[in-house]
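Please treat every number below as a calculation from the coordinates, not as lab data. Not measured: the values here are computed from a predicted model. Backbone-built Cβ (ideal geometry, glycine too); neighbour counts: all protein chains shown.
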There are 2 protein chains.
Amino acid sequence: MKWGWVFLGVFLSLGALSWGEKGLEIPEYDGKDRVHALSAKNYKAIMKKYDVMVIYYHKNVDRNRSAMKQLQIEELALELAAQVLDDLDDEDIGFGLVDQKKDSAVAKKLGLDEVESIYIFADNEIIEYDGELAADTLVEFLYDVIEDPVEIIDNERELKGFYNMEEVIRLVGYFKSERSPHFIEYDDAAEEFHPFVKFFATFDPKIAKKLKLKINEVNFYEPFMEEPDTIPGKPYIESELVEYIEQHDRPTLRKLEPHSMYEIWEDDINGEHIVAFAEEDDPDGFEFLEILKEVARENTDNPNLSIIWIDPDDFPLLVPYWEKTFHIDLASPQIGVVDVEDADSVWMEMDDQDDMPSADELEQWIEDVLQTGTKLNDDFISKL
Amino acid sequence: MKWGWVFLGVFLSLGALSWGEKGLEIPEYDGKDRVHALSAKNYKAIMKKYDVMVIYYHKNVDRNRSAMKQLQIEELALELAAQVLDDLDDEDIGFGLVDQKKDSAVAKKLGLDEVESIYIFADNEIIEYDGELAADTLVEFLYDVIEDPVEIIDNERELKGFYNMEEVIRLVGYFKSERSPHFIEYDDAAEEFHPFVKFFATFDPKIAKKLKLKINEVNFYEPFMEEPDTIPGKPYIESELVEYIEQHDRPTLRKLEPHSMYEIWEDDINGEHIVAFAEEDDPDGFEFLEILKEVARENTDNPNLSIIWIDPDDFPLLVPYWEKTFHIDLASPQIGVVDVEDADSVWMEMDDQDDMPSADELEQWIEDVLQTGTKLNDDFISKL
């Protein structure tokens with residue numbers, strides 16, 4: 001039974017609603033089982049049936065009632081994602097569960113090592129998804145997965161679009177054509193990071209000139225940086241590109257996104273995160289974000305500085321929890337240092353009625369925090 | 001029982017996970033009842049307890065099993081929203097249900113007229129929410145509701161933030177101070193449209209000069225327009241501002257947002273919508289959106305032109321359904337005319353490998369569609 005359609009039928013029979021009024025109804029789960037329980041016996045046959053396989057490697061929940069309920073909720077999110085993607089024309093996307101205890105042999109065969117993660121098998125690559133377990137976030141991520149790893153920039157409007165994507169790590173290269181061996185190395189490197197790092201290329205000398213790129217050259221853009229770094233040592237081979245990106249994959253300022261939130265949160269520095277809350281769609285928040293970007297640009301070479309920017313609009317359900325945990329008011333911008341072990345935190349004092357700190361003041365505050373050491377004890381707090 | 005906390009306890013006792021690893025867990029519903037069933041007897045007493053009351057005016061579902069299930073899912077979304085907002089410090093936000101059949105007396109007393117809508121009672125205003133019935137979208141909307149209706153622009157960075165919000169209808173006025181009677185009229189008008197239309201003001205002559213505003217003057221910005229219209233006839237009284245906005249509340253180009261999607265969809269022209277799909281975070285989509293904006297800017301005075309821009313990234317669960325219903329591929333930009341009664345549609349032919357249409361070509365296509373008439377019959381389709 002497909003609820004969505006049943007409702008549509010019911011509404012139509014009442015004569016009250018047209019397609020137009022129900023045509024935008026967000027789908028609900030129809031109750032049909034589509035997520036496979038993978039086992040040593042069946043996993044090969046099931047995975048063969050799909051172009052893309054999405055596997056949730058979960059804890060064993062036997063004898064734990066509340067963990068069992070939690071897993072049920074997670075399964076429902078996967079079922080809804082599977083139902084929605086059932087309608088997709090281009091690709092067959094399958095979903096499966098692997099139990100850490102019961103299916104350890106499958107996990108070993110497939111190379112699943114982090115429990116509570118989702119592994120996506122596509123085009124001979126394994127992509128680890130460590131984001132929100134919600135149908136919409138996961139489905140949106142899967143659309144990115146099935147896209148080509150390299151996007152081609154053909155004209156100036158597309159170039160403007162490239163510049164507009166300042167929130168992610170991006171690379172752009174200039175090559176003769178899609179058949180160039182240098183482009184093929186680049187494309188292979190792109191597959192390794194797809195879809196987390198965005199790869200672009202142009203074959204147009206005019207666009208290359210605007211990007212200040214020589215032939216076969218690749219520029220690396222950190223998030224929020226206006227000036228790129230040219231990757232040294234061209235012509236590059238795949239492994240050199242991969243190595244460069246791996247060495248530069250922790251930006252000075254990065255945005256917390258639902259599709260990678262847990263991965264970023266696990267990537268702390270000495271058990272701490274510098275966290276900035278700022279709502280971009282608000283004059284105060286926008287202003288504070290501009291100051292943050294200025295600080296990041298001036299400190300882009302400091303490996304010990306990595307600020308996580310959280311836009312509260314992206315996580316509405318967590319806002320009251322954060323306000324309570326950190327004793328802050330998220331109606332105005334905030335910056336602080338959070339201990340990831342025990343949620344201890346220190347926040348910069350800002351008078352929300354008055355002017356924001358300058359970039360220099362903000363930089364000084366962060367420097368003090370970093371120099372004072374890694375432990376947020378009372379002594380440290382009293383110095384601030 | 002609060003699931004989130006129970007799980008946290010369980011995980012901690014296993015010694016495996018710290019706060020940091022669970023600190024970003026999106027809350028799940030804890031099973032406690034917080035949403036009130038309002039009746040003629042209790043509604044006054046219940047509503048008195050809250051600063052803001054959120055009421056879902058729903059159909060009666062007796063004797064209809066599938067409608068009953070649908071309502072249950074909707075109730076769960078409201079329960080989760082209520083649970084999350086329970087932790088909010090500043091405001092007490094209550095939730096209630098009013099049944100169209102059983103509680104018609106309450107509906108009448110409260111002035112609820114559109115069934116399947118959510119009515120928000122705040123500060124003596126009634127706000128109708130006709131968006132996605134999901135906890136996150138509703139909660140984010142409620143944060144906007146409890147903000148001040150007029151935002152003050154104090155400096156150039158905040159002004160940049162104001163310019164950055166091009167997707168919404170915005171007004172900005174220049175006044176002497178918050179005590180100015182002209183500002184008070186403006187603030188009263190803002191309350192009428194809050195939070196759908198964004199109202200800004202500045203008290204700083206330098207900022208006013210940059211906005212080309214004289215004292216007590218208000219500029220009106222249509223979404224995506226670079227040049228504002230100055231509202232004629234100042235000094236204005238509240239009712240004049242309200243009237244002007246009501247006359248200009250259907251923009252030439254508007255973005256479909258989850259929090260107002262059904263309201264926008266119901267606002268068709270002669271039973272049809274011009275719909276454009278474009279993913280902003282993609283060079284092709286960005287390019288097409290730039291062309292759309294150009295067309296909108298050149299046709300801003302045409303009352304018969306209103307294009308709905310949908311970014312597929314905002315509605316991942318609807319993408320396969322739209323692709324199937326409209327027979328289009330949303331991996332590349334699309335523009336078409338949709339009949340809201342029967343979902344009949346005509347789409348512009350665009351070769352996704354080649355160049356996009358120019359603004360002139362797009363305008364011509366839209367003009368042809370509008371001139372050919374309102375009915376998308378086969379005859380009409382064959383002409384395109």
| task | Quick one: of A:Lys32/B:Lys49; A:Lys212/B:Lys198; A:Lys210/B:Lys293; A:Lys293/B:Lys324; A:Lys209/B:Lys210; A:Lys324/B:Lys109, which pairs are farther than 31 Å apart, Cα to Cα? | result | A:Lys32/B:Lys49; A:Lys212/B:Lys198; A:Lys293/B:Lys324; A:Lys209/B:Lys210; A:Lys324/B:Lys109
| said: Quick check on chain A: of the DSSP beta bridges with both residues there, what percent are antiparallel, nearest 5%? | reply: 55
| Within the range A:260-282, backbone nitrogen closer than 12 Å to the virtual label 7 Å beyond the Cα of B:Leu76 toward Cβ | none
| task | Output the antiparallel fraction of DSSP beta bridges having both residues in the protein assembly as shown, as a percent to the nearest 5. | result | 55
| What are the label-to-label distances in nm, one decimal and shortest first, from B:Ile73 to the same spot in the other copies, with labels 7 Å along Cα to Cβ? | 1.8
| request: Would you mind counting up the charge near A:Leu112? Only other residues with Cβ under 12 Å from its Cβ, with Lys and Arg at +1 and Asp and Glu at -1. | output: -4
| request: Just round it to a whole percent: the fraction of Cα-Cα distances in the range A:253-372 exceeding 25 Å. | output: 15
| Among the aspartates and glutamates, which have Cα under 14 Å from the Cα of B:Lys234 when same-chain residues fewer than 8 positions away are ignored? | B:Glu185, B:Glu217, B:Glu243
| remark: Taking a crude spin-label model, label points 7 Å out from Cα along the C-beta direction, the A:Ala105 to B:Glu341 distance in nm is 6.2
| request: Determine which residues of the range A:139-163 fall in the zone a paramagnetic label at A:Asp51 would reach in this model, i.e. backbone nitrogen under 11 Å from the point 7 Å along Cα→Cβ. | output: A:146-148
| message | Over the Cα atoms, compute the radius of gyration (one decimal) and Dmax (the largest Cα-Cα distance, rounded to a whole number) for chain A, in Å. | response | 23.7, 70
| Over the range A:94-222, what number does the Rg to Rh ratio reach, with both radii from the alpha-carbon atoms and Rh per Kirkwood? | 1.07
| remark: Of the convex hull drawn through the C-alpha atoms of the range B:150-247, the volume per residue in Å³ is 86
| task | Compute log10 of I(q)/I(0) for the range B:120-172 with the Debye formula, placing one identical point scatterer on every Cα and leaving out solvent, at q = 0.21 Å⁻¹, to two decimals. | result | -0.96
| query | Counting DSSP beta bridges with both partners in the range A:253-372, what percentage is antiparallel, nearest 5? | reply | 60
| said: Cα atoms only: what Rg and Dmax, in Å, come out for the range B:232-284? | reply: 15.6, 45
| remark: The residues B:Glu243, A:Glu75, sorted from fewest to most surrounding Cβ atoms within 10 Å, come out as B:Glu243, A:Glu75
| Cα convex hull of the protein assembly as shown: mean projected area in nm², to one decimal? | 35.3
| note | Simple SL model, points at 7 angstrom along Cα→Cβ for A:Asn42 and A:Arg250; separation in nm is 4.2
| task | Apply the Kirkwood formula to the range A:36-146: the hydrodynamic radius equals the inverse of the mean of 1/r over all pairs of different alpha-carbon atoms; give it in Å with one decimal. | result | 14.2
